[in-house]
């Protein structure tokens, strides 16, 4: 199999543009609904999330599944009418409630009101998350800042190791991966009500750190091929480099996707969306390295008149094979 | 070959050492896995104290420590976070209502005077307590468990009575933390002491209080959140006429450098009018934590198995070597977590599982390169060597970029995020060793075995098979 990435570049760019546009459209629609491009969890906007499960070791405590309406009644009497309620579990013995930020007295009042109405909860299965609004903003801005810092750090490193234009297109490819992942979660937020929490920012940062790898491998090969045969056209070189590294680009992504799939399926509720974000981001990372970063570099070199690198006189390292490592 | 054998032995030693570490050193589990409560407490500036500095934060931390210790939670962690926050971790607390109640609110420091009529009462209680405590060793020697427990309960009850009696003995005077300007540890000659200074109003109140104490030969009681910190006496000969005037005083006693510092911080914390508020509460029930541990073990083993199978099926003999290197990687990394005392959180485990998938990346790069070289007609030995050599720059670059992202996460991220960054970064660094050094050593060892030196074990469909075994 040989890919003609250069000849079909119009197609690759169209696919990427369509994906990005779909995400942007979802973000725009969400913005008109909730004034945010993604559904923020309480990590970013503050609030209280309570998860209770009935204590089934007590007699007659678990006879009936929890009814959303009953929970809603209790919340209404506590003045928490706008809260979200979700009944969980196969037997419907657990419930999560998301409200505005509750202080300790409001929370204990709510809990005892719920217990008298629904049944005793198991303290060992209780989960409480309360985040003040300021902390939420703090989490959000520090997350955003670390994203920017890592972009800058990677750009700087690639500029030192390669050349400035390599770095620029690697960053473009990264933005592409991050944007599509965000767009995907905007779509999920629209149709599924999926929220993004601080782990989502962690996922984006990991995507940034990992997805650049495939790009680097291809650029490394482009550089090597240029120094081996300086007289060739950049389009040929890029095509060759992509094809020579294709298996490894696919395989390195595949091994990571295998562990992520396992995490997605078995890792529990907390890590599910985290694993999903990484699966999308890493897949896009491989795609953008193979089809976007490479073709953009070729186009740029061609347009700036650097399509054919000057022939250098010095022999290259590739002729040396006895060197060892380690 | 000598160097290779040395490396093989080193790898073997590392594997054995890491198994020992994993068995012997317990893994530190985060609160989201063992169950417990984590509270973030925000210290708020006021009119008087516009900016919270390290000095104030340290004092507030001391006050919080005092309150937490009163709750009887085992192994609480109290540390400062950022410029104006204190992080409190309460392992095993399922419902932190009590902790939240005592933690909110400003510290209450006040200076009280002793009421002589109540002292006799306190003395009796204290003697009773001492009697009970004196009985304990004899009981422990006799080994009667029921009697020991009964006596311990009696001691606890008596301690409570003593505490109540202390409260009766001391009466509030109106001199409280608001008037205390500063407290500092001082070395008086060669004795540690704590110096305190009051503002104008405080100085007057303090003079009156010490005058009364000197005249009646009673003590002062310094209380923080209703607990007695110190009960100094006032020298009657020196101060019975005027009390201690000028608003400066020195508390001496049998202080060590640490105990003086402790009192200084408690006094300073009590004098701060800064309100504190719980701004974040993350509580996970113990059963939920166990569920998380179970599901992440399944996810980890599932991920590891999938990767091992893939590598062996796709890369054949080198795949087996990569699989061995990957298992070594998992062992070394987990041992490193235990050894470095990394606290494993749920995102931390996710980072570790993710790094299993990333650790073989280097092997994929190397083996693909090796295949290319074999197809290009090189000998097996040279193909392997140049596979390792020429893949190195790609491996380095890709790992450095991942580390950059980890560093950004670590320095700017909060609690949970840091755990992920740390485990991922540690994984990347260790994978550089296992995927390169370990697998290279194993590979060269395999190549020294004649029957395994077949190119088709390394690469399927070699075009017009070159004479690979001829030279090596």
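The values are calculated or read from the model by the stated rules, or taken from the named source; none is laboratory data. In this text the structure is predicted, and so the values were computed from the model without any measurement. Cβ placement follows ideal geometry from the backbone for every residue including glycine, while neighbour counts extend to all protein chains displayed.
Numerical summary
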item: Filter pass, residue B:299 being within 14 Å of chain A (Cβ to nearest Cβ) and either over 30 Å from residue B:198 (Cβ atoms) or buried (at least 21 other Cβ atoms within 10 Å of the Cβ) (or both); result: yes
item: Qualifying residue in segment B:436-446 (condition: more than 7 Å from chain A (Cβ to nearest Cβ), assigned to a helix (DSSP H, G or I) and within 30 Å of residue A:138 (Cα to Cα)); result: no
item: Residues that are assigned to a loop (DSSP other than H, G, I, E, B) and either within 36 Å of the chain's Cα centre (by Cα) or on the phi > 0 side of the Ramachandran plot (or both), drawn from segment B:115-165; result: B:143
item: Neighbours by Cβ (under 6 Å, 6+ apart or cross-chain): first from segment B:62-84, outside any strand (DSSP E or B); second surrounded by fewer than 18 Cβ atoms within 10 Å (Cβ to Cβ) and at pLDDT below 80; result: B:67/B:102
item: Any hit, segment B:173-195, residues being within 20 Å of residue B:130 (Cβ to Cβ), in contact with a helix residue (DSSP H, G or I) (Cβ under 8 Å, 6 or more places away or on another chain) and surrounded by 15 or more Cβ atoms within 10 Å (Cβ to Cβ); result: no
item: Of all residues making up segment B:101-118, the number that are crowded, with 23+ Cβ neighbours inside 10 Å and out of contact with any strand residue (DSSP E or B) (no Cβ under 6 Å at 6 or more places or on another chain); result: 1
item: Residue match in segment B:342-357 (condition: in contact with a strand residue (DSSP E or B) (Cβ under 8 Å, 6 or more places away or on another chain), over 23 Å from residue A:265 (Cα atoms) and touching a residue at least 24 places away in the same chain (Cβ under 8 Å)); result: yes
item: Residue satisfying all of: in segment A:137-146; over 13 Å from residue B:421 (Cβ atoms) and at the interface with chain B (Cβ under 9 Å from one of its Cβ atoms); surrounded by the most Cβ atoms within 10 Å (Cβ to Cβ) among these; result: A:139
item: Qualifying position, being farther than 22 Å from residue A:141 by Cβ and at pLDDT 90 or above, among A:78, A:33; result: A:33
item: Single residue of B:244, B:251 found to be in contact (Cβ under 8 Å) with a residue 12 or more places away in the chain, in contact with a strand residue (DSSP E or B) (Cβ under 7 Å, 6 or more places away or on another chain) and either closer than 14 Å to residue B:196 by Cα or part of a loop (DSSP other than H, G, I, E, B) (or both); result: B:251
item: Pairs with Cβ under 7 Å, 6+ apart, first in segment A:188-208 and within 11 Å of chain B (Cβ to nearest Cβ), second part of a loop (DSSP other than H, G, I, E, B); result: A:197/A:41
item: Residue satisfying condition, being at pLDDT 90 or above, buried (at least 24 other Cβ atoms within 10 Å of the Cβ), more than 8 Å from chain A (Cβ to nearest Cβ) and farther than 30 Å from residue A:132 by Cβ, within set B:308, B:326; result: B:326
item: Tally of residues being in a strand (DSSP E or B), more than 14 Å from chain A (Cβ to nearest Cβ) and surrounded by fewer than 18 Cβ atoms within 10 Å (Cβ to Cβ) across segment B:254-292; result: 1
item: Filter pass, residue B:382 being more than 32 Å from the chain's Cα centre (by Cα), more than 8 Å from every other protein chain (Cβ to nearest Cβ), within 25 Å of residue A:221 (Cα to Cα) and in a helix (DSSP H, G or I); result: no
item: Enumeration of residues in segment A:193-230 that are more than 30 Å from residue A:46 (Cα to Cα) and not in a helix (DSSP H, G or I); result: A:229, A:230
item: Flag if residue A:113 is surrounded by fewer than 20 Cβ atoms within 10 Å (Cβ to Cβ), over 19 Å from the mean Cα position of the chain (by Cα), part of a helix (DSSP H, G or I) and not assigned by TED's automatic domain parsing to the domain that holds residue A:78; result: no
item: Residue in segment B:343-364 that is in a helix (DSSP H, G or I), at pLDDT 85 or above and within 21 Å of residue B:454 (Cβ to Cβ) present; result: yes
item: One residue from B:410, B:388, B:367, B:392 being touching a residue at least 40 places away in the same chain (Cβ under 8 Å) and either more than 8 Å from every other protein chain (Cβ to nearest Cβ) or touching a strand residue (DSSP E or B) at 6+ places or on another chain (Cβ under 8 Å) (or both); result: B:367
item: Odd one out for residue A:101 among (1) closer than 28 Å to residue A:198 by Cα; (2) more than 10 Å from chain B (Cβ to nearest Cβ); result: (2)
